[in-house]
């Protein structure tokens, strides 16, 4: 399924929210343009804007996710996750930041550990994910259009090249079609998606269905001002 079909399918199974203000947990003090916003129909209530999941005193896990792509050939490198969180899905290359490590250093380390590539990474976006009452992720998205060494398979990831027009969104996280096309257009972004607690009886291992989402493109000159807010 291409990105247009994937977005159409998502739109048909969602209900648009009435406002385009940033959701709780995101600070966006710069110009932005909302590209996707909605909620699962069964979860929409009259107070939908206030119904974002809360995370209270739970620790926010800072993570990275790096995407390699070639604008000349319009090919993108993705990794098939072989184990751990997100197993059996395609994704970028990343993971949790170690204590005392900068987020940029974490992105470089995770990229090399997971596929053997060294690259000059550019910060592309920031995403907030909440999974039920268990997990909160602040994910810094990076992109690179030049790199050293050839990608290689590791214990955790199997790298594969795809045409940007044939990204396998049907085998990725359901929020990816809303923001990954922006990365391949070199347009910075911010967003949030809430997921239900996984139900093992439905085959859900890492997260349940996507309950609510909001994604926006940022003005490039001031994109660095956007951030995730700590819980109040």
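Structural remarks
Conditions (1) under 24 Å from residue 144 (Cα atoms); (2) surrounded by 14 or more Cβ atoms within 10 Å (Cβ to Cβ); (3) at pLDDT 95 or above; (4) under 19 Å from the mean Cα position of the chain (by Cα), marked per residue:
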| position | (1), (2), (3), (4) |
| --- | --- |
| 40 | no, yes, no, yes |
| 62 | yes, yes, yes, yes |
| 76 | yes, yes, yes, yes |
| 107 | yes, yes, yes, yes |
| 113 | yes, yes, yes, no |
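- Verdict on residue 151 being within 18 Å of residue 213 (Cβ to Cβ) and in contact with a helix residue (DSSP H, G or I) (Cβ under 8 Å, 6 or more places away or on another chain): no
- Residue check, residue 173 outside any helix (DSSP H, G or I), in contact (Cβ under 8 Å) with a residue 60 or more places away in the chain and crowded, with 20+ Cβ neighbours inside 10 Å: no
- Among the residues of region 89-115, those identified as touching a helix residue (DSSP H, G or I) at 6+ places or on another chain (Cβ under 8 Å), touching a residue at least 24 places away in the same chain (Cβ under 8 Å) and part of a loop (DSSP other than H, G, I, E, B) are 89, 94, 95, 97.
- Within region 148-164, being outside any loop (DSSP other than H, G, I, E, B) and at pLDDT below 95 holds for one residue alone: 148.
- Residue match in region 176-188 (condition: part of a strand (DSSP E or B) and within 18 Å of residue 64 (Cα to Cα)): no
Residues are listed down the side, and each one gets a yes or a no for (1) over 16 Å from residue 71 (Cα atoms); (2) crowded, with 19+ Cβ neighbours inside 10 Å; (3) in contact (Cβ under 8 Å) with a residue 12 or more places away in the chain; (4) within 19 Å of the chain's Cα centre (by Cα):
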| site | (1), (2), (3), (4) |
| --- | --- |
| 140 | yes, yes, yes, yes |
| 145 | no, no, yes, yes |
| 151 | yes, yes, yes, no |
| 154 | yes, no, yes, no |
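The values are calculated or read from the model by the stated rules, or taken from the named source; none is laboratory data. Keep in mind that this is a model prediction, so the values were computed, not measured. FYI the Cβ positions are ideal-geometry reconstructions off the backbone, even for glycines, and counts take in every protein chain you see.
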